[in-house]
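Read the figures in this text as sums done on the coordinates, not as results from a lab. Quick caveat, the model's predicted, so the values are computed rather than measured. Heads up, the Cβs are rebuilt from the backbone with ideal geometry, glycines too, and the neighbour counts pull from every protein chain shown.
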Amino acid sequence: MNYTIVGLFPSPENIKDVAEGLEKSGIKNQNYLIYKSAAKHTAGARGNFWKKLLGTAEREVSASNDNLITSVEVRNEEEFANVQDSFKKNKAVKIYEFKDMTIEEAKDLNNIKKMVEMRAKSQIYAMPEMSVSANSINEL
């Protein structure tokens, strides 16, 4: 079993807690990456989330700078469970698992962003269509 688990966190303020949680769960420092972005964003840099996600805006892959992305290479079920628990304890917004991806492949942040974007799109497209009527809203 060879997986890379990617965790998306709401804020870079979580960086120490995420690193400590991973190390407490038995993950070695060389088996995880925490991506830092040095670029500063402006108010206009954030576009409409849905337009970016669904591809109706420019095709630039970018994560907001006020988020934290972490990749961890796991080699067995125990490490897999420990990393997922650590991510959940540190309030990961979303967790993705990529089979047969090594930590070397995960070093390219743009590659990780593209893979996460594709996985997110596939999950959105796979969701069943829902219809909401006025009666169902009133019942709530």
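Please give the net charge around Asp85, taking every other residue with its beta carbon less than 15 angstrom from that of Asp85, where Lys and Arg add +1 and Asp and Glu add -1. Walk me through the intermediate numbers first.
Details: positive: Lys24, Lys88, Lys89, Lys91; negative: Asp17, Glu20, Glu23, Glu77, Glu78, Glu79, Glu97.
My count for the surroundings of Asp85 gives -3.
Only counting other Cβ atoms within 10 Å, I'd like Phe87, Phe98 sorted with the fewest neighbours first. Mind showing how you got there, number by number?
Working: Phe87 24, Phe98 19.
So the residues, fewest neighbours to most, are Phe98, Phe87.
Scan around Asn2 for amide H atoms under 5 Å from its own, H built in the peptide plane at 1.01 Å from N, and keep only partners 5 or more places away or cross-chain.
Asp100
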